[in-house]
Amino acid sequence: MTSALADHIAGVRLVDNHVHGYWLAAADRRRFENGLNEANIEPLADFDSGFDTQLGFAVRAHCAPLLGLPEHVDPQSYWERRSQLTESQLAAVFLPAAGVSDWLVDTGLPGEIAGLPEMAAASGSAVGEIVRLEQVAEQAAASPGDYADAFRRILFERSKTAVATKTVLAYRGGFDGDLSAPDTRAVAEAAARWRAAGGVRLTDRTLLRFGVHEALRLDKPLQFHVGLGDRDCDLHRTNPMLLLDFLRQSGTTPIVLLHCYPYEREAGYLAQAFNNVYLDVGLSVNHLGARAEAFIGRTLELAPFRKILYSSDAFGPAELHYLGSALWRAGMAAVLAGFVRRGQWSEADAMRVVDLIGRGNAARVYAR
Amino acid sequence: MTSALADHIAGVRLVDNHVHGYWLAAADRRRFENGLNEANIEPLADFDSGFDTQLGFAVRAHCAPLLGLPEHVDPQSYWERRSQLTESQLAAVFLPAAGVSDWLVDTGLPGEIAGLPEMAAASGSAVGEIVRLEQVAEQAAASPGDYADAFRRILFERSKTAVATKTVLAYRGGFDGDLSAPDTRAVAEAAARWRAAGGVRLTDRTLLRFGVHEALRLDKPLQFHVGLGDRDCDLHRTNPMLLLDFLRQSGTTPIVLLHCYPYEREAGYLAQAFNNVYLDVGLSVNHLGARAEAFIGRTLELAPFRKILYSSDAFGPAELHYLGSALWRAGMAAVLAGFVRRGQWSEADAMRVVDLIGRGNAARVYAR
Amino acid sequence: MTSALADHIAGVRLVDNHVHGYWLAAADRRRFENGLNEANIEPLADFDSGFDTQLGFAVRAHCAPLLGLPEHVDPQSYWERRSQLTESQLAAVFLPAAGVSDWLVDTGLPGEIAGLPEMAAASGSAVGEIVRLEQVAEQAAASPGDYADAFRRILFERSKTAVATKTVLAYRGGFDGDLSAPDTRAVAEAAARWRAAGGVRLTDRTLLRFGVHEALRLDKPLQFHVGLGDRDCDLHRTNPMLLLDFLRQSGTTPIVLLHCYPYEREAGYLAQAFNNVYLDVGLSVNHLGARAEAFIGRTLELAPFRKILYSSDAFGPAELHYLGSALWRAGMAAVLAGFVRRGQWSEADAMRVVDLIGRGNAARVYAR
């Protein structure tokens, strides 16, 4: 690779447009290894190891040196070294090393994880909040009075300081079926049923649709979990093509399709088809490790270059907050150097696209 | 790459088995940039540019030198130089440079675009017509007397001098559902309803099915738009696997699956599964630019080498008529050189496959 | 490639975890060329040749030298040389050359093909049987007394010496729809209907479901044909994501997803999501030839490295028993050398993953 492009990619300060907090409480090895598996919701089988995955190999390749260990160090040594540090100490190592200027944090996950202040302190970077709509729904269900009014009030209040909203509709029935805005009476009836049932873990389709359409009315980007996730989600019901009718009526609110694997080519098509649709590479880049390069190549097909965003979607081990950045930089460097080497792109264009995807597009979309 | 293979690929005279006319009227910059976006049917957003896509980069890389500009010239300079020429002058530059001996032109698109005589004159090459079935249907609806009779008569007349037929069923409801031949009474009833409604933009399923089955009865190849297109088409309803039942009853008429992205692997499977099914790479190759190589690689998986065809599917800017050829040649050269370098293919075989895909298969199928 | 890794890959003794017998009776050229096409169930068209496919090119590249011919020899010479040997002589050339220590043979295919003793004799290696559930069903239909009892008794008897079971549900309606265990009365009624209809080629959904759930209760791996096959199978109904609900209730019995093309990324996701799900590369590797490398790369995305298995799925020409191994070794060598070269994997890890996929995982799963 030409060194100017490599240097440029190494130096760009990223906006991580979708991330979660790192763990605050110490993990045992089993929890750590499970943290390297995205899809499985059970403890890993005895014969298995979270280290024997692309992500596990990537941790040993890229994270070990930051802990003073050789690249590709054996899992046991990695675990022992990691265990000498607290999760907060690990965060203080890995977050600053990511070269991220802004972390946009989805705060809707439960558990003992870092919030905005910890993320800012550990990294020395700016933070912004992403409000999860299904959490707003639970808050509205727990509020007195009309559900729709409560939802709108809470969403409005929380979004004053937030940079975006997010929906996990993918996990709550998927994208197929009617996603139009429900009418007032249907919302009231569904809310009454849900409140009567306890108001936990929203799966009611009417209320999910209501939330998404309320979010469209805010002047903030709306993020959709798409594709890769754990097995509670029916992966094939999260093909973003199933959002087509919804996108046709979504107006000008930016819609960010997150993760997208294995539908990144479909997501790229949608990013070309709609002025307000964006494609993100988070989660996938981490879990694909050495194959992140192939994934990044596929995201650079139909999606216009002003419509692609960087994120890590890191959650839990602080390694992931760094690794997303390391793998994205390595993958972009390999893919773009190939374009340049074959005369398809100029080096100057390659650098400009790195700037757009790494931070420029996100700065524009999220007004950072 | 070995130079013998590279030279061979550079020299092969192509049959472009699916293309449209170039623009006749001058385009403003907005129209030109929109012409570089396939999927979006709205004007590009103010923050966006058609130049910041794989296709836009490819135009600057490959077309600029033909206008006397350096490779990768900046968009503004490209636009200014392009604006100094009429669209017909541009066609006279780009069409001959494509190295195409035969343009098979789908004449079913409206607008001020080149017809067969202009295409022949600008390129100095042979031309053939592809008759769009949905246009024949509109002509039949506007004719007196029985619809089915009129359709058959017009199709027969037009196909005398045409080389193939084409359907855009993909845009008129997609491939899922019954695609068997409708009975006479159902056709008559549907035609009466459609004529009563004005006979424009055919979406009636019965009449669409009727047209396709009439085309099967001609002794000419039948082309299907598959996959990539604009967002009026439900991309996921154009997965060619949904044609499976239809293909099982399609007999021996050659069926050409056009474009195919992101379903090129499924299309390749069908090309292996049915003696009469073919795979085409048009449109996709242009819009994927530097990634056309990856796409071409995927088309060389299950599809037998005697069942793959070249096309550009160019429409509008004359650059696209050239670029399809340039990107196909570059992509084939890179992919096949890789096969040869790793000892998987001989160089002689690689050259022979280039000849088959570039022209031999089309010459056989379309009797050129 | 570093020579240590290349040497290691060349030397590993494989467990071929899903294969069929080679032909015993001499084939004419037409039959041989059809044997190089998986999907087509008709004789190849006169204009076509089974040699003009990735598999055909791979036969000439990799198998010709074992018959004393140059690499990439012309098809006619290959055919003439091959015709000088009996199928058993060919097996004695190609099977030992595969470097396979254990052949796990699906004996459920009809025809004059090698059984376990011939496979063992020709190769000098160990063999194990895989029992096809739909064959057990036919045997139960032909047995006196209660169908469910007969099925269980036959399955139990046959599985005593077998290493696994297999279902071709993919060919008998596909994966969509209810795959839960049917109740006793429904099974009895369906069996009565099927027996009355002759008890051939099971397509009754209730009995197919019954068979699969009975297999789950054995302490043996259960293999599913997934994806690529002939056109009798509706490819899009064999997307393994459609097995999601079934997998959620499948307990701890190992489920092996065979072939998987073009759904290998979905299969990899499932192998990560479920402790008992495995991914196999057979059939696809042979038919993709020079593109097997790309396919192998895609299988190394989400699937944990302890969940991927080697097979050839060879059937018919003895070349295929060797070629699966040759293409897998070449593809793994290219993909893993790339990971090592870019610093993503260590060479030692690459060797270890080769051992896991080539034999270690299968030895564990099938207790070899």
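The values are calculated or read from the model by the stated rules, or taken from the named source; none is laboratory data. Nothing here was measured: the structure is a model prediction, and the numbers come from that model. Glycine gets a Cβ as well: all are built from the backbone with ideal geometry, and neighbour counts include every protein chain shown.
Among residues of the stretch A:242-256 being within 17 Å of B:ALA45 (Cβ to Cβ) and without any contact (Cβ under 8 Å) to a residue 60 or more places away in the chain, the one that is surrounded by the most Cβ atoms within 10 Å (Cβ to Cβ) is A:ILE255. Exactly one residue out of A:ALA39, A:ALA45 is over 26 Å from C:ARG342 (Cβ atoms), surrounded by 15 or more Cβ atoms within 10 Å (Cβ to Cβ) and within 14 Å of another protein chain (Cβ to nearest Cβ): that is A:ALA45. In this structure, B:VAL59 does satisfy being within 29 Å of B:ALA126 (Cα to Cα), within 14 Å of chain A (Cβ to nearest Cβ) and either under 19 Å from the mean Cα position of the chain (by Cα) or in contact (Cβ under 8 Å) with a residue 60 or more places away in the chain (or both). Mind checking whether some residue in the stretch A:80-87 is in contact with a His (Cβ under 6 Å, 6 or more places away or on another chain) and modelled with pLDDT of 95 or more? The answer is no; no qualifying residue exists. Looking across the stretch C:339-350 at every residue that is buried (at least 19 other Cβ atoms within 10 Å of the Cβ) and more than 7 Å from every other protein chain (Cβ to nearest Cβ), the one that is farthest from C:ASN286 (Cα to Cα) is identified as C:VAL340. Residues in the stretch C:16-32 that are more than 26 Å from C:ARG329 (Cβ to Cβ) and part of a loop (DSSP other than H, G, I, E, B): C:LEU24, C:ALA25, C:ALA26, C:ALA27, C:ASP28. For the stretch C:328-338, filtered to residues that are within 11 Å of chain A (Cβ to nearest Cβ) and in contact with a Leu (Cβ under 7 Å, 6 or more places away or on another chain), the residue that is surrounded by the fewest Cβ atoms within 10 Å (Cβ to Cβ) is C:VAL335. Among the conditions (1) out of contact with any Gly (no Cβ under 7 Å at 6 or more places or on another chain); (2) crowded, with 24+ Cβ neighbours inside 10 Å; (3) not charged (D, E, K, R), the only one that B:ALA61 does not satisfy is (1). Each residue in the stretch C:228-250 was checked for being of a type in the set (Lys, Arg) and either touching a Cys at 6+ places or on another chain (Cβ under 9 Å) or more than 18 Å from C:TYR269 (Cα to Cα) (or both), and 1 pass.
Within the stretch C:51-97, the residues that satisfy the criterion of being part of a helix (DSSP H, G or I), in contact with a helix residue (DSSP H, G or I) (Cβ under 9 Å, 6 or more places away or on another chain) and of a type outside the set (A, V, I, L, M, F, W, C) are C:GLN54, C:GLY56, C:ARG60, C:HIS62, C:PRO75, C:SER77, C:TYR78, C:ARG81, C:ARG82, C:SER83, C:SER88, C:PRO96. List pairs: first residue in the stretch C:94-106 and touching a residue at least 40 places away in the same chain (Cβ under 8 Å), second residue among the acidic types (Asp, Glu) and in a helix (DSSP H, G or I) anywhere in the structure, Cβ distance under 8 angstrom, at least six positions apart or on different chains. Note: pairs meeting the criteria are C:PHE94/C:GLU319.
All told, A:ARG201 falls short of being in the same structural domain as A:VAL105 (by TED's automatic domain parsing), surrounded by fewer than 24 Cβ atoms within 10 Å (Cβ to Cβ) and over 30 Å from A:PRO43 (Cβ atoms). Return the total of residues in the stretch B:30-56 being hydroxyl-bearing (Ser, Thr, Tyr) and either in contact with a Cys (Cβ under 6 Å, 6 or more places away or on another chain) or free of Cβ contacts under 8 Å to residues at least 60 places away in the same chain (or both). Count: 1. Taking the criterion of being farther than 23 Å from A:ALA267 by Cβ and either outside the structural domain of A:LEU247 (by TED's automatic domain parsing) or surrounded by fewer than 19 Cβ atoms within 10 Å (Cβ to Cβ) (or both), would at least one residue in the stretch A:162-180 satisfy it? Looking through the stretch A:162-180, none of the residues is farther than 23 Å from A:ALA267 by Cβ and either outside the structural domain of A:LEU247 (by TED's automatic domain parsing) or surrounded by fewer than 19 Cβ atoms within 10 Å (Cβ to Cβ) (or both).
Only a single criterion out of (1) in contact with a Lys or Arg (Cβ under 8 Å, 6 or more places away or on another chain); (2) more than 20 Å from A:GLU301 (Cβ to Cβ) is not satisfied by B:PRO70, namely (1).
Within the group C:ASP48, C:ASP7, which residue is acidic (Asp, Glu), at pLDDT 95 or above and in a loop (DSSP other than H, G, I, E, B)?
C:ASP48
I'd like the residue in the stretch B:257-270 that is out of contact with any Pro (no Cβ under 6 Å at 6 or more places or on another chain) and more than 9 Å from chain C (Cβ to nearest Cβ) and, out of all such residues, is surrounded by the most Cβ atoms within 10 Å (Cβ to Cβ). So the residue we want is B:CYS260. Being aromatic (Phe, Trp, Tyr) and in contact (Cβ under 8 Å) with a residue 40 or more places away in the chain is the filter; apply it to the stretch C:272-307 and report the residue that is farthest from the other protein chains (Cβ to nearest Cβ). Among those that are aromatic (Phe, Trp, Tyr) and in contact (Cβ under 8 Å) with a residue 40 or more places away in the chain, it is C:TYR278. Going through (1) more than 14 Å from chain A (Cβ to nearest Cβ); (2) outside any helix (DSSP H, G or I) one by one, C:SER325 falls short only on (2). Of the residues making up the stretch A:196-244, those that are polar (S, T, N, Q) and within 14 Å of chain C (Cβ to nearest Cβ) are A:THR238, A:ASN239. Among the residues here, A:LEU109 qualifies as in the same structural domain as A:LEU133 (by TED's automatic domain parsing) and touching a residue at least 24 places away in the same chain (Cβ under 8 Å). Of all the criteria given as (1) at pLDDT 95 or above; (2) closer than 30 Å to B:GLY360 by Cβ, the one not satisfied by B:PRO75 is (2).
Answer yes or no: is there a residue in the stretch B:118-139 that is part of a loop (DSSP other than H, G, I, E, B), of a type in the set (Val, Ile, Thr), free of Cβ contacts under 8 Å to residues at least 40 places away in the same chain and at negative phi. So far as the stretch B:118-139 goes, no, none of its residues is part of a loop (DSSP other than H, G, I, E, B), of a type in the set (Val, Ile, Thr), free of Cβ contacts under 8 Å to residues at least 40 places away in the same chain and at negative phi.
Restricting C:ALA64, C:ALA91 to residues that are within 14 Å of chain B (Cβ to nearest Cβ) and more than 24 Å from B:ARG298 (Cα to Cα) narrows the list to C:ALA64.
Of the residues B:GLY282, B:GLY229, only one is farther than 19 Å from B:ARG359 by Cβ, under 12 Å from the mean Cα position of the chain (by Cα) and not aliphatic (A, V, I, L, M); which? Checking each option against the conditions leaves just B:GLY229. C:GLY343 passes every criterion in (1) of a type outside the set (Val, Ile, Thr); (2) in a loop (DSSP other than H, G, I, E, B); (3) closer than 16 Å to C:CYS63 by Cα apart from (3).
Select from the stretch C:346-366 the residues that are within 20 Å of the chain's Cα centre (by Cα) and assigned to a helix (DSSP H, G or I) and list them in ascending order.
Listed by number, the residues that qualify are C:VAL354, C:ASP355, C:LEU356, C:ILE357, C:GLY358, C:ARG359, C:GLY360, C:ASN361, C:ALA362, C:ALA363, C:ARG364, C:VAL365.
Before we move on, is A:GLU138 at pLDDT below 95 and surrounded by fewer than 21 Cβ atoms within 10 Å (Cβ to Cβ)? Judged against the criteria, A:GLU138 is not a match.
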